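J.: Structure incoming, see below.
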Amino acid sequence: MKTISLTIDDKKIAAREGENLLWAALDNGIYIPNLCALRDKSEPSASCRLCFVEVEGYSQPVTACTEPVREGMVVNTKGAKALRLARAGLELLLASHPVDCAHCLANRSCELQKIAAHLRIRLKSKHFRKILRELPIDDSHPQITYDPNKCVLCGRCVWMCRYKGAGVLGFAHRGFERVVTTFGDEPLGESKCLDCGECVSVCPTGALVFKDEKKA
Ligand code: FES
């Protein structure tokens with residue numbers, strides 16, 4: 001595949017023509033917040049709305065996970081408009097996320113912590129009114145605990161379960177009621193789960209964790 005060159009944050013980089021800007025940036029040590037993108041997934045869902053960047057010649061920020069790189073492209077990951085959108089997106093997520101990091105198995109590996117630090121947002125941000133759902137935790141699986149309260153609905157686990165697992169995970173309901181669950185809402189331990197753990201490996205928060213084990 002042809003190699004092209006572009007500039008991100010004043011750094012000239014090389015990338016494969018047609019690849020998404022998000023991966024080109026990350027592969028060159030330039031961090032752009034992201035929660036829903038997966039490299040194996042060719043069609044990005046672009047649902048988390050955290051990967052906004054500004055591109056020279058564009059009137060509005062774009063999501064880096066959906067933007068293909070182009071020869072001579074000039075990108076700014078730190079523009080005020082892009083940061084404002086990303087910060088608002090993160091604060092909305094945090095408004096419905098229980099922030100109790102000290103008691104979470106994903107502490108220090110949680111993507112929300114990383115993104116909050118990058119965007120300089122307090123995890124206990126008071127920008128939006130906090131509304132927590134208090135859904136029951138599914139502890140039925142022998143190796144995996146699923147806490148839907150910590151789920152950010154990025155959809156990574158749903159996609160990965162279909163791609164590498166048995167396809168037992170899916171979305172149910174709409175709006176604020178939306179949740180990742182199993183077919184028929186049966187407990188994970190009673191589902192056709194293959195125990196592959198791929199869902200845990202891609203979960204960016206402490207929603208899906210291996211029992212008694214720190215996330216990698
Ligand atoms: S990573 Fe781009 S919208 Fe989620």
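J.: In whole Hz, what ³J(HN,Hα) sequence does the stretch 162-168 give by Karplus (6.51, -1.76, 1.60; θ = phi - 60°), x for Gly and Pro?
T.: In residue order, the calculated couplings are 6, 6, 10, x, 9, x, 8 Hz.
J.: Moving on. So what's the gap between the Cα centers of the stretch 1-80 and the stretch 131-180, to the nearest angstrom?
T.: Cα centroid of the stretch 1-80 versus Cα centroid of the stretch 131-180: 28 Å apart.
J.: Can you work out the FRET efficiency for the pair D195 and A102, with r the C-beta to C-beta distance and R0 = 41 Å, to the nearest 0.05? Could the numbers behind the result be given before it?
T.: Numbers: r = 29 Å, r/R0 = 0.70.
With a Förster radius of 41 Å, E is 0.90.
J.: Which of the GluC sites (Glu not before Pro) found in the stretch 117-216 are loop residues per DSSP with 14 or fewer other Cβ atoms within 10 Å of their Cβ?
T.: On the way: sites: E134, E177, E190, E198, E213; in loops: E134, E213.
Sites meeting the loop and neighbour criteria: E134, E213.
J.: Moving to a separate point now. Go through K126/K211; K12/K164; K150/K192; K12/K78; K41/K130 and tell me which ones have a Cα-Cα distance over 27 Å in this structure. All intermediate terms of the calculation are to be shown ahead of the outcome.
T.: Values: K126/K211 31 Å; K12/K164 36 Å; K150/K192 23 Å; K12/K78 16 Å; K41/K130 32 Å.
Distance filter (> 27 Å) returns K126/K211; K12/K164; K41/K130.
J.: Apply 1/(1 + (r/R0)^6) to the Cβ-Cβ distance of R39 and R174, taking R0 = 25 Å, and write down the FRET efficiency to the nearest 0.05.
T.: Details: r = 29 Å, r/R0 = 1.14.
Step by step, r from the Cβ atoms, then E = 0.30.
J.: Please turn the phi angles of the stretch 171-184 into ³J(HN,Hα) values with the Karplus equation 6.51 cos²θ - 1.76 cosθ + 1.60 (θ = phi - 60°), one per residue in order, whole Hz, x for glycine and proline.
T.: Those phi angles translate into 8, 9, 6, 10, x, 5, 7, 4, 8, 8, 8, 9, 4, x Hz.
J.: Compute the Cα gyration tensor for the chain, then decide on rounded, prolate or oblate, letting a ≥ b ≥ c be the square roots of its eigenvalues: rounded whenever a/c is under 1.5, prolate when a/b is larger than b/c in the other cases, and oblate in all that remain.
T.: On the way: a/c = 2.18, a/b = 1.56, b/c = 1.40.
Cα axes put the chain in the prolate bin.
J.: Taking the Cα centre of the chain as the origin, how large is its charge dipole in debye, to the nearest 20, when only Lys and Arg (+1) and Asp and Glu (-1) carry charge on their Cβ atoms?
T.: Numbers: 31 positive and 26 negative charges, 162 e Å.
Dipole about the Cα centre, nearest 20: 780 debye.
J.: Explain nothing, just compute: Karplus ³J(HN,Hα) = 6.51 cos²θ - 1.76 cosθ + 1.60, θ = phi - 60°, for every residue of the stretch 38-55 in order, whole Hz, x for Gly and Pro.
T.: 9, 5, 6, 8, 6, 9, x, 7, 6, 9, 7, 6, 10, 9, 5, 9, 10, 10
A short reminder: the numbers here are calculations on the coordinates, not readings from a lab. Given the structure is predicted, the values throughout are model-derived calculations rather than measurements. Because the Cβ atoms are built from the backbone with ideal geometry, glycine has one as well, and the counts that use them run over all protein chains shown.
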